[in-house]
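The values are calculated or read from the model by the stated rules, or taken from the named source; none is laboratory data. Values in this document were obtained by computation on a predicted structure and should not be read as measured data. In this analysis, Cβ positions are derived from the backbone assuming ideal geometry, glycine residues included, and neighbour counts consider all displayed protein chains. In case anyone asks, the SASA skips ligands and DNA or RNA and just uses the protein heavy atoms, side chains included. Shrake-Rupley method; radii C 1.70, N 1.55, O 1.52, S 1.80 Å.
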Amino acid sequence: MRSVYTRHALTRRHLLGQAGMAGMALAAAPAWADALVQLPLPGGPVERPITMAFPQKGAMILQRSRPPLLETPFEVFDKGVFTPNDRFYVRWHWAVIPTEVDVDKFRLAVRGHVNQEQSLSLKDILALPRVEIAAVNQCSGNSRGFFQPRVAGGEWADGAMGNARWMGVRLRDVLDRAGVKAGAVQVRFNGTDEPVVSDAPDFKKSLDIDHARDGEVMIAYAMNGEQLPLLNGFPLRLVVPGWYATYWVKAISDIEVLDQPDDNFWTKSAYLIPDTPRADIKPGQTGVKMVPINKMVPRSFITNIKSGDTVRANQSTLVRGIAFGGDTGVSRVDLSSDGGKSWQATALGKDEGKFSFRQWQAQVTLPASGHYTLMVRCTNSGGVAQPDQANWNPSGFMRNVIEATPVVVA
């Protein structure tokens, strides 16, 4: 894999490089590594390799090498609310992904049901008003490996997510340059990744026109104060705060305004969930209405204590972690040290915005030796709390059950 781009300070003059500048070539070594990570997935695998072989990426859990599926090791989330770019998870649908970008020739097309079609250079994008938002990007199938009965698909643990400060321009401002005609109903997005075979459906996703123009959906060219990594969508990617990452189209190159509902495969047939509370059905259940996956739901995790760790009896122990509200902010995070029989409020860290991770912490004292279960529960600002029972659907989407961490007290 080879990427060509240039690194400069984040200014309109230099961001994303200049014509004729020499790029940085990064060659991937073999994708397998000697180090292994143990995974607590009930249906396996029990371990996966750790790789450092991908461009602009540090140590990542290797789910698949082609297309790249790289999971963030969970200990990364204990270091802060923003996930470092080089540890940010990677998920592509097709194996033919961009490995080289000529920033001077790159164009973003805006077409379809508009008054004036656009072909925007990166300089055109950079000339638009700049915005920034902190938002969690989470794969629809994050934590799929914990579903029981097991379901098909990438058997992610909890690391198919990340939080970043995204910098870019409002999608609304880009659409306004083209002039959306009356009667527009959806906006469809396409990136530069391609199917391996010609008759496979190109990956495209759509948003309703009002959502696309809400001022929060954006086209990002930077994350955490740096250029987007190649594997996370360089040079431009869609950011859809509060929605699952299937809508966050990477390496976006084409925006099409539609005057009728999108019927492409990835909107009509893929990424569907049961139209039931929490997208929950019984295994084998049929005849359920299906709808496209959409808003995220609240989640929280303990990050400084792992399952099976030993803590001291009759001694105050710090427990900390992260939480996010899904499509809105975090209202409270509660911790239980007795398996959910009682709960205590935690202290919340700095609020980085309603779509961001938020840190929390609490002190607990476990009075006697034995086995205990720590549990953490997030309630978002809409009053929605994590449930105490896991959901199930055949795609392994939208897990957000209260997480339990068994510990040994000695």
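Run a plain Debye calculation on segment 128-265 (Cα atoms as equal point scatterers, no solvent) and give log10 I(q)/I(0) at q = 0.10, 0.20, 0.21 Å⁻¹, rounded to two decimals, same order as the q list. Here log10 of I(q) over I(0) equals -0.36, -1.26, -1.33.
Average accessible surface for segment 314-410: 43 Å² per residue, computed with a 1.4 Å probe over protein heavy atoms with every protein chain in place. Given R0 = 25 Å, the distance between the Cβ atoms of MET290 and THR373 translates into a calculated FRET efficiency of 0.10. A crude spin-label estimate for the pair VAL46 and ALA95, with each label 7 Å from Cα along the Cβ direction, gives 3.0 nm. Computed log10 I(q)/I(0) for segment 337-409 at 0.12, 0.24, 0.26 Å⁻¹: -0.44, -1.24, -1.31, from the Debye equation with unit scatterers placed on every C-alpha and solvent omitted. Measuring between alpha carbons in the structure, the pairs from LYS79/LYS282; LYS250/LYS354; LYS268/LYS295; LYS205/LYS282 lying more than 26 angstrom apart are LYS79/LYS282; LYS205/LYS282.
If the elastic network links every pair of Cα atoms under 10 Å, which of LYS282, LYS57, LYS250 fluctuates the most in the Gaussian network model of the chain? Of LYS282, LYS57, LYS250, the Gaussian network model singles out LYS282 as fluctuating most.
I need to check one value: relative contact order of the chain, counting alpha carbon pairs closer than 8 Å and at least 6 residues apart, in percent.
After rounding, I find 15 percent.
Gain in length, ASP104 to THR365, computed as 0.36 nm per residue apart minus the alpha-carbon separation, to one decimal in nm? Working shown, then result.
Working: separation 261, 0.36 × 261 = 93.96 nm, distance 5.95 nm.
Once the chain is fully extended between ASP104 and THR365, it gains 88.0 nm.
Averaged over its residues, segment 250-312 has an accessible area of 51 Å² per residue, based on protein heavy atoms and a 1.4 Å probe.
Shown is the FRET efficiency for VAL185 and ASP214, computed with R0 = 22 Å from the Cβ-Cβ distance and rounded to the nearest 0.05: 0.90. Can you tell me the relative contact order of segment 261-318? Whole percent, Cα pairs under 8 Å, sequence separation 6 or more. Answer for segment 261-318 is 28 percent. Ligands, DNA and RNA left out, the accessible area of the chain computed with a 1.4 Å probe is 49% carbon and sulfur. Against the criterion of solvent-accessible heavy-atom surface with a 1.4 angstrom probe, TRP94, TRP266 sort, most first, into TRP94, TRP266. Averaging the sequence gap over all C-alpha pairs within less than 8 Å and six or more residues apart, then dividing by the number of residues, gives segment 266-407 a relative contact order of 30 percent. Extension gain for ALA200-ALA127 works out to 22.6 nm (0.36 nm per residue, less the C-alpha to C-alpha distance). Which one of VAL180, VAL131, VAL46 has the biggest mean-square fluctuation once the chain is modelled by GNM with Cα springs under 10 Å? For the chain, modelled as a Gaussian network with Cα springs under 10 Å, the answer is VAL46.
List the trypsin sites (Lys or Arg not before Pro) within segment 336-410 that DSSP assigns to loop and that have no more than 12 neighbouring Cβ atoms inside 10 Å.
When the trypsin sites (Lys or Arg not before Pro) of segment 336-410 are filtered for loop state and at most 12 Cβ neighbours within 10 Å, LYS341, LYS350 remain.
Between ASP259 and VAL408, the FRET efficiency from the beta-carbon distance, with R0 = 56 Å, is close to 0.35.
Largest GNM mean-square fluctuation among ALA313, ALA109, ALA59, using the chain with Cα springs under 10 Å: ALA313. Each part reduced to its alpha carbon centroid, segment 228-246 and segment 282-336 end up 23 Å apart. Each residue was assigned an accessible area with a 1.4 Å probe, and for ILE209 the value is about 20 Å².
Heavy atoms of the protein chains alone define the surface here; on that basis segment 113-221 has 37 Å² accessible area per residue at 1.4 Å probe size. For segment 80-128, taking Cα atoms only, Rg and Dmax work out to 15.8, 45 Å respectively.
Based on the convex hull around the alpha carbon atoms, segment 180-233 presents an average projected area of 5.5 nm².
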